[in-house]
Amino acid sequence: MSTPKLDVPSRVLYMRLLGYVRPYWKALALSLLVTALTAATEPLLPALMKYMLDQGFVTKEVTRPWLIPLALIGIFMLRGILGYLSSYGMSWVSNKVITDMRDAMFARLVRLPAQYFHDNASSVPITRIAYNVNGVAGAATSVITVLLRDVLVVIGLLTYLFFLNWQLTLVTLVMVPAIALMIRVFSGRLRAMSRAEQEGMAQMNQTLHESVACNRVIKLANAETLVLARFSRVNNALRGYNMRQGIAAAAAGPLVQICASVAIAVVVYFALILAAKNVMTVGSFVAFIGTMAMLLAPLKRLADVNAPLQRGLAAAESVFSLIDEVPEQDHGTIALEQARGRIDFEDVSFSYPHAERPALAHVNLAVQPGETIALVGPSGAGKTTFANLLPRFYHPTAGQIRLDGHDLQDITLASLRANLALVSQDVMLFNDTVANNIAYGSGRNASRDEIEAAAAAANALTFINALPEGFDTVIGENGTRLSGGQRQRIAIARALLKNAPVLILDEATSALDNESERLVQAALEKLMQGRTTLVIAHRLSTIENADRIVVLQHGRVIEIGSHRELVAHDGVYAQLYKLQFSDEAA
């Protein structure tokens with residue numbers, strides 16, 4: 001499983017995050033301006049308190065006392081309106097960033113090579129797209145809001161403190177280095193735990209997905225206790241990561257407040273001495289202490305913002321690791337129209353990463369247009385690998401594959417795959433209508449008549465018309481509301497509608513009962529007419545009429561010929577055929 005790149009400098013990550021904010025800089029700038037105005041109103045309250053105490057209680061020279069409560073109401077109304085506008089603007093930008101990043105991640109996901117999905121559990125990209133990106137957007141927008149607002153508040157309050165008494169203000173600043181040191185210490189811990197939490201969330205999603213998808217296997221195996229124990233382990237591990245994050249985040253705030261309280265205590269001591277010497281008025285003293293108390297909240301928020309910032313940066317490592325995955329390479333320049341269907345394997349070899357032996361070794365085969373070639377052999381012989389090389393799901397490690405004389409690497413992926421159709425044992429359908437599933441991948445807006453004609457040719461029209469809403473019936477996740485034979489015939493109808501000149505049948509009837517196999521086989525015979533067809537066969541009786549049968553063993557071609565020729569040759573194919581025939585007879 002691929003993991004995020006660790007220890008990327010925070011500045012590099014944050015600047016890249018801001019690149020996603022840049023398209024919305026006007027809205028962000030307006031929100032930040034409103035945030036700055038909100039921060040600028042912060043010193044108004046202690047200034048009003050100073051005026052009220054000095055003029056109203058000491059000198060008693062307030063001529064219009066009703067102005068003070070009105071001013072108080074006005075300050076809070078102004079702050080409320082500005083705060084609302086700031087929050088709304090940041091929320092708008094944040095959601096735009098989330099949407100853009102998800103689009104970018106999904107666009108990269110659908111263009112990744114087959115090897116990525118071979119190496120990574122499905123929960124990895126799902127968790128990054130659905131969950132991790134939320135933390136990234138928070139770091140890119142809300143953290144900026146907190147930093148700007150509270151830094152400006154602190155600057156404004158400190159400026160007012162200098163105005164009231166610069167000596168006492170210098171005493172206040174003694175706590176700044178201590179706060180900065182604490183934030184630095186907690187940052188690394190928070191980032192590490194955030195990474196672990198994201199990995200734990202991916203494991204939980206994987207466990208949930210498997211438990212739902214394999215629910216029948218679990219029930220038949222009476223494995224509920226085993227599944228519960230596995231989920232409990234994953235869940236408790238995730239709780240541990242969250243708790244360690246929470247401890248680190250929760251400790252920062254109180255420590256900042258303790259430092260601030262020490263500073264306030266020292267200031268109070270000196271302020272009392274100055275008040276005794278009539279250096280400070282009552283209003284100045286209350287305003288100074290009140291302003292210092294007001295510093296606690298923004299300082300705590302600045303300390304607390306480190307937690308979402310580090311979570312966001314850890315999430316950014318995860319998100320960008322997906323965006324930075326190398327997409328499927330397409331250096332082809334030939335846009336193939338309708339292929340004739342000649343296929344040539346020229347000394348082709350292929351090895352999976354970390355495999356002990358090649359999946360295919362020095363394969364040579366020439367397939368004529370319209371010819372049906374059956375691939376047979378024991379499990380692990382290389383049959384599916386052979387078929388996977390044609391659509392360029394994987395690339396040969398040696399040799400060349402040609403279609404109509406063109407190296408597959410020179411053909412654009414889109415035009416290559418437009419000329420291929422696949423019907424496999426594991427039919428993949430979408431939670432959509434029957435009509436949309438048949439039309440999926442045809443590359444054009446097929447009419448209802450064309451869809452129905454394809455369904456009729458696939459022997460699927462009878463059961464489709466019997467569905468509650470016919471072609472408009474939603475068939476459930478991967479066609480769970482259909483039988484295996486019905487799903488296969490939907491896949492065949494899809495291939496018929498695509499009308500590709502090259503057809504790959506990957507054990508398309510191996511998991512069916514006799515009646516379903518008969519219907520599917522009849523539909524396949526219609527589909528194969530006039531097409532170059534590669535058939536990966538499990539039941540050898542289904543490929544007796546193939547033009548040629550290619551026998552693979554340990555990735556090598558050991559026999560080629562018609563059914564009769566190979567049976568007469570009495571080699572590996574003949575032995576496989578006799579063994580299967582005797583098993584079926586038994």
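Measuring nothing but alpha carbons in region 327-418 and taking Rh as the Kirkwood radius, the Rg to Rh ratio lands at 0.96.
Compared with the dominant Cα axis of the chain, that is its longest principal axis, helix 175-213 is turned about 30°. By the rule of a C-alpha distance below 15 Å, with chain neighbours fewer than 8 residues away ignored, the aspartates and glutamates paired with residue 578 are 544, 565, 570.
So what is the diffusion coefficient of region 347-506 in µm² per second by Stokes-Einstein at 25 °C and 0.890 mPa s, using a Kirkwood Rh over Cα pairs?
On the way: Rh = 17.4 Å.
For the chosen part, D equals 141 µm²/s.
Of all aspartates and glutamates in the structure, the ones whose alpha carbon falls short of 12 Å from that of residue 498, not counting any fewer than 8 places away in one chain, are 450.
From its DSSP helices (H runs of at least four residues, each -39,500 (n - 2.57)), the chain gives a residue-normalised ellipticity at 222 nm of -19500 deg cm²/dmol. Using the Cβ-Cβ distance between residue 126 and residue 274 with R0 = 51 Å, the FRET efficiency computed as 1/(1 + (r/R0)^6) comes to roughly 0.20.
Which is the longest part of the chain that has none of the GluC sites (Glu not before Pro) sitting in a DSSP loop with at most 13 other Cβ atoms within 10 Å? It runs 62-336. Here region 394-474 has an Rg and Dmax of 16.9, 52 Å, counting Cα atoms alone. Solvent-accessible area assigned to carbon and sulfur over the chain amounts to 60 percent, based on a 1.4 Å probe. List the aspartates and glutamates whose Cα lies under 12 Å from the Cα of residue 96, skipping any in the same chain that are fewer than 8 positions away. Within the straight-line limit of under 12 Å, residue 96 reaches no aspartates and glutamates at all. Convex hull volume per residue, computed on the Cα atoms of region 524-586, equals 98 Å³. One chain, two ends: residue 235 and residue 92. Fully extended at 0.36 nm per residue, the span grows by 48.2 nm beyond their Cα-Cα distance. Normalised per residue, the accessible area of region 397-463 is 46 Å², obtained with a 1.4 Å probe and no contribution from ligands, DNA or RNA. Note on residue 226/residue 400: beta-carbon distance plugged into 1/(1 + (r/R0)^6) with R0 of 60 Å gives a FRET efficiency of 0.80.
With +1 on each Lys and Arg Cβ and -1 on each Asp and Glu Cβ, how big is the dipole of the chain about its Cα centre, in debye rounded to the nearest 20? In total the dipole reaches around 2780 debye.
Paramagnetic label reach from residue 114 (point 7 Å along Cα→Cβ; backbone nitrogen cut-off under 14 Å): within region 423-450, residues 423-426. For a modelled paramagnetic label at residue 289, 7 Å from Cα along Cα-to-Cβ, the residues of region 152-168 in reach, with backbone nitrogen under 20 Å, are 157-158, 160-168.
Which loop-located trypsin sites (Lys or Arg not before Pro) does region 387-447 contain, where loop means any DSSP state but H, G, I, E or B and the Cβ has at most 12 other Cβ atoms within 10 Å? Let's see the in-between values first.
Working: sites: 392, 402, 417, 444; in loops: 392, 444.
For trypsin sites (Lys or Arg not before Pro) across region 387-447 that sit outside H, G, I, E and B with at most 12 neighbouring Cβ atoms in 10 Å, the list reads 444.
Secondary structure note: in the chain, about 50% of the DSSP beta bridges are antiparallel.
The values are calculated or read from the model by the stated rules, or taken from the named source; none is laboratory data. Keep in mind that this is a model prediction, so the values were computed, not measured. Every residue, glycine as well, gets a Cβ built from its backbone with ideal geometry; the counts of neighbours run over all protein chains shown. All accessible areas refer to the heavy atoms of the entire protein, side chains included, with ligands and DNA or RNA removed. Shrake-Rupley method; radii C 1.70, N 1.55, O 1.52, S 1.80 Å.
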